[in-house]
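The values are calculated or read from the model by the stated rules, or taken from the named source; none is laboratory data. Quick caveat: nothing in here was measured; it's all calculated off a predicted structure. Glycine also receives a Cβ, built like all others from the backbone with ideal geometry; neighbour counts cover every protein chain displayed. The protein model used for the area step is the full one, side chains on, heavy atoms only, and it has no ligands, DNA or RNA in it. Shrake-Rupley method; radii C 1.70, N 1.55, O 1.52, S 1.80 Å.
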Amino acid sequence: NSVSATNSFYSGNDILFYDENANTAPCVSNSSSNSSTTTPDDRLETLLKYLTGKGLSLAAAAGIAGNIKNESGYNPAKIQNSTILATSDYTPVNGIGFGLAQWTFSDRQKPLINFAKQQNVSIIDINMQLDYMWQELTTSYVGTLNKLNSISSSTTIGSASAPMAAAIIFHGKNESIRLTI
């Protein structure tokens with residue numbers, strides 16, 4: 001039957017949990033949530049569900065996840081080059097990356113702070129940071145989003161696989177790339 005074929009596909013591809021009927025909203029939902037209340041695997045699952053719930057392919061979401069892992073280890077409280085994690089009252093510092101995407105400069109940090117205030121949640125809330133990242137993708141980085149939306153499992157950039165192609169695009173190295181679909 002199709003359920004066992006689907007389960008076989010996911011387990012054969014090291015996807016440990018998938019529920020097509022699950023809510024696509026992030027798993028961590030209260031405003032006091034921070035990096036100490038979830039594991040990196042939980043936050044990765046939250047990120048992938050969020051992005052695929054927004055309509056990105058799993059390959060595109062995996063490419064973004066690879067970047068986020070490198071930037072912050074999926075930790076919304078990560079401060080660049082620090083072993084100390086941000087708390088809910090942290091104010092990002094210009095020139096020092098912060099959060100999932102390591103927003104580094106005031107021109108992106110201040111809108112993040114304002115977005116958190118508008119949502120009435122902590123600056124380290126993973127849901128808020130995902131929503132802010134999506135807002136950036138749908139406004140200031142719509143060209144990047146359009147390229148990410150073209151990623152399918154068969155997409156490549158040269159010899160780079162679909163997730164690698166998405167990672168290259170998300171990282172901003174996409175001015176002259178040619179996708180093969």
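Note on segment 107-166: among residues that are assigned to a loop (DSSP other than H, G, I, E, B), at negative phi and open to solvent by 70 Å² or more (accessible area, probe 1.4 Å), the one that is modelled with the highest pLDDT is Thr139.
Among the residues of segment 100-114, just one is among the aliphatic types (A, V, I, L, M) and more than 17 Å from the chain's Cα centre (by Cα), namely Ile113. Within segment 99-120, residues that are over 16 Å from Asp89 (Cβ atoms) sit with their Cβ atoms under 6 Å from residues that are exposed (fewer than 13 other Cβ atoms within 10 Å of the Cβ), at 6+ positions apart or across chains, in these pairs: Phe105/Asn94; Ser106/Asn94. Tyr50 meets each of the listed conditions (1) modelled with pLDDT of 95 or more; (2) in a loop (DSSP other than H, G, I, E, B) apart from (2). If you go through segment 40-61 and keep only what is in contact with a Ser or Thr (Cβ under 6 Å, 6 or more places away or on another chain) and not hydrophobic (A, V, I, L, M, F, W, C), you end up with Lys49, Gly53, Ser57.
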